[in-house]
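FYI, it's all coordinate maths here, none of it is from the lab. Just so you know, these numbers come straight off a predicted model, no measurement behind them. Here the Cβ is made from the backbone with ideal geometry for all residues, glycine too, and neighbour counts use every protein chain on show.
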Amino acid sequence: MRRLPILLLILGLIVGIAVPFFWASRVPIFLGAALLLAAGILTRSRWPVLASIAAAVALILAPGLINGWRNGQGIAWTAADDEDVLLAESGVVITKADEEPVLRARDARTGELKWQLKLPEEPNRNPPRIWGAGDTLLTTGFDETLRGVDAKTGKVRWEAPPAATHFAGVTDGENVALTRCPAPRDCQVESLSLADGTLRWKAPVAGGGEYLGVPLSDDSQTTDRPLWPASVVVIPRKPDDSRYDVRDLATGRVITSNDHGTDSTAILGDVLVRQTDAGDMTGTDVRSGRVLWTRDKNAGSRAARSPMITSDTLGLPEGTLVLGADGATTESFAIGDALRLLDPRTGKLTEIPVDLPPDVVDLVSSDQPDVSAPRTPAILSRDYEDPSDPSKVIADGHTYARDDVRNAYLTPTQVAFESDQRPWGTGLSRVIEVFDRKTGERLARFAKDEMSLRPLGGRFVIADGDPDDPAEHVVG
């Protein structure tokens, strides 16, 4: 009989501590606590009973306390209950108040309030949308008036007439091109000065032309994405016409023209890339008209296209062309023994060996390329037929092997994903992790029942709780 309490103690420790590593449930915790309590009671001695009660309580509380502590590591700050995070740009995080038409700018590191801006509100209007363009923020406001706001002070620099902003757009640092629709089925590209909102020029657009030649990385996200850095736009000569004009962003001058019936294009900075249906490629400096490089169709692989097929653009994940099989897109890309990247500025080919099975992968981009030097897109490899096989996220030379990674995300400096890890004793199954792209150091790890992850400009935001009113945590 004396041995029974010792056996129950050992069994309780094994069940309560070891089993939860393999069984994502709270049941082993409670069962282990019950065994510890039973071991104390069977001793019929006061101090062992009290010790068993304390041990059982500690075992029950430990998973939540440990997980809560780990969740807080790497979180810079949490938005107030009455605010929603919209954008992280230029060292500030922009939030929207829930009950009033107010935008607030908070320090990205501390959450300290920098400024707030009250906007006019009209009933039955959509909430504001916002984009960063250097030291200028663009917001549609609650009344669909487009405003240019000083990112440092919150002062409204200029206003453009109300119109539905379908797509934003392209910027060269001094001007911005957007697709705006004053009336249904009446859309036009407008080029505006970022300094004072002056209308530089406008032209009608429709269909795939509304995306202005931007190489979209995701065909499901076309509205709230970062502005694309380029000095030109590509728009149809006439609405629904396959012939297109490449126009200077600042002046609207037609630089060159061609036909998307026979080629696909991509723009980045001052470079226009064109690939014919036969596979010939050229890179041209739109400022000087000089051909920077050419690639013959007989050289082998072709540049993958954007998943937004109707836009007739080549993919440029992280500002680089990706070579693959004819007809490939960057969303579901058949990879071989290497990732073959072509610098759109020089035509230089770089081959990065990958240790992956010859299967379809997702190429992941931040949609914020560096015009001066392309970065390497991340790779998400997972077995869609057997999710039990480990997934791999490969980013900037670092490989992260996890179970059941469904999506991966990038900012210019960070990579993040959600995977199946089953944190000890919590009964949870999914974990979000954020890593530094350069060093591979883990910056944050977060696990809750209901949670989601979003890249918003330069930072990740993790939301948890009620999907209609979640708590939003800004990653440091």
Taking the chain, the lysine pairs whose C-alpha atoms sit under 28 Å apart (8 or more places apart or on different chains) add up to 17
Measuring from the longest principal axis of the C-alpha atoms of the chain, the long axis of helix 46-72 (C-alpha) lies at a number of degrees, nearest 10, equal to 0 degrees
Just to verify a number: FRET efficiency for LEU65 and LEU4, C-beta to C-beta distance, R0 = 30 Å, to 0.05? 0.45
Given the candidates PRO63, VAL232, PRO353, the one whose Cα lies deepest towards the positive end of the charge dipole of the chain, counting +1 at each Lys or Arg C-beta and -1 at each Asp or Glu C-beta, is PRO63
Among the trypsin sites (Lys or Arg not before Pro) within the stretch 16-86, which fall in a DSSP loop and have no more than 11 other Cβ atoms within 10 Å of their own Cβ? ARG44
Which of the trypsin sites (Lys or Arg not before Pro) across the stretch 281-361 are loop residues per DSSP, with 16 or fewer other Cβ within 10 Å? ARG287, ARG290, LYS348
Taking only C-alpha pairs under 8 Å that are 6+ residues apart, what is the relative contact order of the chain in percent? 11 percent
Percent of alpha-carbon pairs separated by more than 18 Å within the stretch 230-304: 39 percent
Could you work out Rg/(2.2 N^0.38 Å) for the stretch 160-318, with Rg from alpha carbons only? 0.99
Excluding exposed DSSP-loop GluC sites (Glu not before Pro) (at most 12 other C-beta within 10 Å), longest clean stretch of the chain: 113-384
Taking N as the number of residues in the stretch 352-476, what is its alpha-carbon radius of gyration divided by 2.2 N^0.38 Å? 1.07
Helix-only [θ]222 nm of the chain, DSSP H runs n ≥ 4, -39500 (n - 2.57) each, per residue, nearest 500: -4000 deg cm²/dmol
Note on the chain: C-alpha Rg/Rh, Kirkwood Rh, two decimals, gives 1.08
Size of charge dipole - the chain - debye, nearest 20, with Cβ of Lys, Arg +1 and Asp, Glu -1, no other charges: 1440 debye
Got a sec? Charge dipole of the chain, +1 on Cβ for Lys and Arg, -1 for Asp and Glu; which of LEU11, HIS398, GLY209 is way out at the positive end? LEU11
Chymotrypsin sites (Phe, Trp or Tyr not before Pro) restricted to DSSP loop in the stretch 369-476 with at most 13 other C-beta within 10 Å: TYR384
Quick check: the angle from helix 3-13's long axis to the longest principal axis of the chain, C-alpha only, nearest 10 degrees? 10 degrees
